[in-house]
Amino acid sequence: MLGAIIGDIAGSRFEFRNTFDYDFELFHKECDYTDDTVCTVAIADAILNGKSYESSLVEWCRKYPNPMGAYGGSFVRWIYNPVPYGSWGNGAAMRVSPVGLLFNNEETVRREAERTAKVSHSHPEGIKGAQVTALAIFYLRTMKSMKPVENILSTFYTKEELTAIPEKGEWCDNCQGCVPLSLMLLLQSTSFEDAIRRAVSYGGDSDTVGAIVGSLAEALYGIPEDFKEKALTYLPNDMKEVIHMFNQTIFTMTEERKRRFREADFAVTDPKTGKTRVIKARQDITNRKPIKKN
């Protein structure tokens, strides 16, 4: 989720005055977190602490009513009267990264992504934008390959839709444009930093495109430690606490998966030569079945 927050912070000062300079200063004194960060933290908090997505979003957005760049007008009304309003805005996609990072199968990722969106962004395109983003994060995280992104683009979008993505510098705040654009920007990237720079310097809704691309890039590349440290300096303590809890949960999940496997040596004798060689294998200690390394 910190990838989304970094993209948001880096793009924050360019949302309404775009830059096309790839070499812009990432963490400038004029940068700050925006509504994208508030809502991302809210979704993570909901998952970690068993809250409903609606109540967590309302809680965090009322607590931080004036983030840099402000909330969209319809969403402001939703905060104080939380009734789904059929939005297809890119807010459904920018806040969903915790789902793709925490849940471990496609069915659950799809279901939870829909739940995060439909409390406000209940239009089918809003829900689709959240699901596509979360699925891409899930597959990038688990496969560490760009191939799933190519498959997702061809599965969820027609050729006509892909040719209609926003042009450089064109304002677009809907899922139909921003989500495939973000996936395509990731496909062009070579590192986490390169992805963020490409996203923000593309122009348009720079903080939200930065947030979506940052969430994808985190899943694929990871985040440089100095970027993590710098981003946290922009955030209040309660947001840092949620991020810390989130990272601890990810760490615990990773260690649990590692615990299930241990290295085992297998001695194999060639029947023709009589020679014995040792093969390293991974053994699942929960059922004792050896699983050969690829």
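Between E160, E225, which is more than 16 Å from G3 (Cβ to Cβ), of a type outside the set (S, T, Y) and surrounded by fewer than 20 Cβ atoms within 10 Å (Cβ to Cβ)?
Just a single option satisfies the conditions, and that option is E160.
Looking at segment 46-69, can you tell me whether even one residue there is closer than 21 Å to C175 by Cα and of a type in the set (V, I, T)? There is no residue in segment 46-69 that is closer than 21 Å to C175 by Cα and of a type in the set (V, I, T). Taken over segment 163-195, the criterion of being of a type in the set (S, T, Y) and either buried (at least 20 other Cβ atoms within 10 Å of the Cβ) or modelled with pLDDT under 95 (or both) is satisfied by T163, S182, S189.
Criterion first (in the same structural domain as V99 (by TED's automatic domain parsing) and surrounded by 14 or more Cβ atoms within 10 Å (Cβ to Cβ)) does E15 satisfy it? Can you show your working first?
Numbers: in the same structural domain as V99 (by TED's automatic domain parsing): yes; surrounded by 14 or more Cβ atoms within 10 Å (Cβ to Cβ): yes.
Spelling it out, E15 is indeed in the same structural domain as V99 (by TED's automatic domain parsing) and surrounded by 14 or more Cβ atoms within 10 Å (Cβ to Cβ).
Meeting the requirement of 3 or more residues that are under 17 Å from T34 (Cα atoms) and assigned by TED's automatic domain parsing to the domain that holds N105, the helices (runs of 4 or more DSSP H) wholly within segment 137-244 are 192-200, 206-221, 225-232.
Cβ separations smaller than 9 Å between residues 6+ apart or across chains give the following pairs from segment 233-256 residues that are surrounded by 15 or more Cβ atoms within 10 Å (Cβ to Cβ) to residues that are part of a loop (DSSP other than H, G, I, E, B) and among the hydroxyl-bearing types (S, T, Y): Y234/Y33; L235/Y33; M239/Y33; M239/Y64. Go through (1) modelled with pLDDT under 95; (2) more than 19 Å from the chain's Cα centre (by Cα); (3) of a type outside the set (K, R) one by one and return the number of the condition P236 breaks. The failed condition is (1).
I'd like to verify a number: residues in segment 45-92 that are among the hydrophobic types (A, V, I, L, M, F, W, C), more than 20 Å from the chain's Cα centre (by Cα) and under 15 Å from M239 (Cβ atoms), how many? So that I can check it myself, show each step before the final result.
Going residue by residue through segment 45-92, those that are among the hydrophobic types (A, V, I, L, M, F, W, C) are 46-48, 57-58, 60-61, 68, 70, 75-76, 78-79, 83, 88, 92.
Subsequent filtering for residues that are more than 20 Å from the chain's Cα centre (by Cα) retains 58, 68, 70, 75-76, 78-79, 83.
Checking which are under 15 Å from M239 (Cβ atoms) leaves us with 68.
Here the count works out to 1.
In segment 21-32, the residues that are at pLDDT 95 or above and hydrophobic (A, V, I, L, M, F, W, C) reach residues that are part of a loop (DSSP other than H, G, I, E, B) and surrounded by 13 or more Cβ atoms within 10 Å (Cβ to Cβ) with C-beta atoms within less than 6 angstrom, at least six apart or across chains, in these pairs: C31/R13. Look at segment 96-116: where a residue is over 15 Å from V213 (Cα atoms), no partner that is of a type in the set (D, E) and at pLDDT below 95 sits 6+ places away or on another chain with Cβ atoms under 6 Å. With respect to the conditions (1) modelled with pLDDT of 95 or more; (2) hydrophobic (A, V, I, L, M, F, W, C); (3) out of contact with any Leu (no Cβ under 6 Å at 6 or more places or on another chain), F251 falls short on a single one, namely (1).
Residue check: is D8 touching a strand residue (DSSP E or B) at 6+ places or on another chain (Cβ under 6 Å) and not in a loop (DSSP other than H, G, I, E, B)? Outline the logic, then answer.
Numbers: touching a strand residue (DSSP E or B) at 6+ places or on another chain (Cβ under 6 Å): yes; not in a loop (DSSP other than H, G, I, E, B): yes.
Taking the combined requirement at face value, the residue satisfies it.
The values are calculated or read from the model by the stated rules, or taken from the named source; none is laboratory data. No experiment lies behind these values; they were computed from the predicted model shown. Counting neighbours? That spans all protein chains shown, and the Cβs are built from the backbone with ideal geometry, glycine included.
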